[in-house]
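The values are calculated or read from the model by the stated rules, or taken from the named source; none is laboratory data. The shown structure was predicted, so the numbers you read here are calculated from the model rather than taken from an experiment. Because the Cβ atoms are built from the backbone with ideal geometry, glycine has one as well, and the counts that use them run over all protein chains shown.
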Amino acid sequence: MITTVDARELGIDRPVLMLDKQRCLRNIRRMADKASKQGLSLRPHFKTHQSLELGRWFRDCGCERITVSSLPMAEYFAGDGWSDITVAFPYNLGQASQVAALARRIDLKLLVSSPVGAADLAASITTGVEVFIELDVGHGRTGIAWDDYAGQQRALDTLAAKPSITFLGFLTHAGHSYRYSVGQLPGLNSEVLARLATVRQRWQPQWPQLLISSGDTPCSTVCDDFAGIDEIRPGNYAFFDMQQASHEVCKPSDIAVALIAPVVAVYPQRQAAAIWGGAVHLSKDLYSDSEGHTVYGALCPLAADGSWGEPLKDLRLSALSQEHGMISADKPEALDGLREGQLLAVLPAHSCLTADLMGSYCLPDGTWLDMLTSTKPR
Ligand code: PLP
């Protein structure tokens, strides 16, 4: 029997993203403690939350340097006093003048992800900047391959020839960790560390100060070996989500955001229901639940104080269209107690995308927190 709050009781008339501050603070503190115990510099990725207020929560936990994924995001956080920011996204030649302007104000660290990208940066920026070369250690997204020393040499030569550029070291994002379950992550982590160690061995004689920056949420959360890594840059851990929970990187009770979605249609005869909560709210990111079904989020009951319970067992968010979220029930009784006008909480498959799409956070006390969203940059 589902017991979940009526929308009118809570005064919520549309999908909103509810933030559990205590869980978020716990997640932020846990990673800060781990990094400090491991002697690692922590440069959290702020693209997950994109909020000045949440940034201040990190600052209160001792965080002084951050990662972002775009120049507008760097400008946004620089405006709130962040003065050491890495834009962990390949240098975009079209933004040379904005990059130069920001580099005059703060300690701006940039990323080049190919030899030509390095040449473009060197040719277009005369302001002093610090630069990482991005490496691909297996993810297959951006970065010079970890074993392409000729490519790395070309990028290095270009950067070294430009006095205004300080070469910092190598940066990687082992995002293929998202495909691994908790038991497989230490193996993947060891492979990544071994690859980075060979890169360090190759270049350290010429660049004794070089830094290695790595650290996605799955490996940073689960693994304890960071040998050869100077800095980690996880971001998702502030919220976690069902992709991480489905791989047992976190528990559902660690997830700090939930889409609050009005129930708009219930069809016990066909074991289905619909919520107002579709792809424009959650994104189309998905995961496999414990029975191997493809799902778009975990459905939870919502209480009158804005807190949500554990995921409901026999209900699945099995399809999304633009505004609709379609619920499948394993048996007709699984819908008992659910009716139009109530609210359900959806733990997102991928919290970073959900947050970006929703554009603001609601706290249970009715406070709203603003954010930048990369889909609608200033
Ligand atoms: N660094 C880079 C370059 C990334 O692209 C990302 C995420 O996509 C991160 C760090 C943060 O990793 P996670 O989302 O696993 O916390």
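Among the helices (runs of 4 or more DSSP H) lying completely within the stretch 167-265, list those that include at least 3 residues that are closer than 24 Å to Pro90 by Cβ and free of Cβ contacts under 8 Å to residues at least 60 places away in the same chain.
Working: elements: 185-203, 217-222, 242-246.
Where helices (runs of 4 or more DSSP H) fall fully within the stretch 167-265 and carry at least 3 residues being closer than 24 Å to Pro90 by Cβ and free of Cβ contacts under 8 Å to residues at least 60 places away in the same chain, they are 185-203, 217-222.
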Inset, instruction - Please indicate, with yes or no, whether at least one residue in the stretch 194-208 is in contact with a Gly (Cβ under 6 Å, 6 or more places away or on another chain) and within 11 Å of the ligand (Cβ to nearest atom). - result: no
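Go through the stretch 83-96 and report how many residues are within 16 Å of the ligand (Cβ to nearest atom) and within 20 Å of Glu231 (Cβ to Cβ). Spell out the reasoning first.
Let us first name the residues in the stretch 83-96 that are within 16 Å of the ligand (Cβ to nearest atom), namely 84-92.
Add one more test, that the residue is within 20 Å of Glu231 (Cβ to Cβ), and what stays is 84-91.
The qualifying residues number 8.
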Legend entry - Positions within the stretch 268-302 being in contact (Cβ under 8 Å) with a residue 60 or more places away in the chain, farther than 15 Å from Thr4 by Cβ and not hydrophobic (A, V, I, L, M, F, W, C), in sequence order: Pro268, Gln269, Gln271, His281, Ser283, Asp285, Tyr287
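Need at least 3 residues that are at pLDDT 95 or above and within 17 Å of the chain's Cα centre (by Cα) per element, so show me which helices (runs of 4 or more DSSP H) inside the stretch 1-71 make the cut, counting only ones lying wholly within it. Let's see the steps before the verdict.
Details: elements: 7-10, 21-38, 52-60.
In the stretch 1-71, 21-38, 52-60 are the helices (runs of 4 or more DSSP H) which contain 3 or more residues that are at pLDDT 95 or above and within 17 Å of the chain's Cα centre (by Cα).
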Inset, instruction - Residue by residue through the stretch 217-228, note down the ones that are surrounded by fewer than 24 Cβ atoms within 10 Å (Cβ to Cβ) and touching a strand residue (DSSP E or B) at 6+ places or on another chain (Cβ under 8 Å). - result: Phe226, Gly228
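Working carefully through the options Leu338, Leu344, find the one that is touching a strand residue (DSSP E or B) at 6+ places or on another chain (Cβ under 6 Å) and in a loop (DSSP other than H, G, I, E, B). Spell out how you get there, then give the answer.
Details: Leu344 fails: in a loop (DSSP other than H, G, I, E, B).
None of the other options fit; the residue is Leu338.
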Legend entry - Criterion (in contact with a strand residue (DSSP E or B) (Cβ under 9 Å, 6 or more places away or on another chain), within 29 Å of Gln22 (Cα to Cα) and small (Gly, Ala, Ser)) met by exactly one of Ser214, Ser177, Ser253, Ser181: Ser214
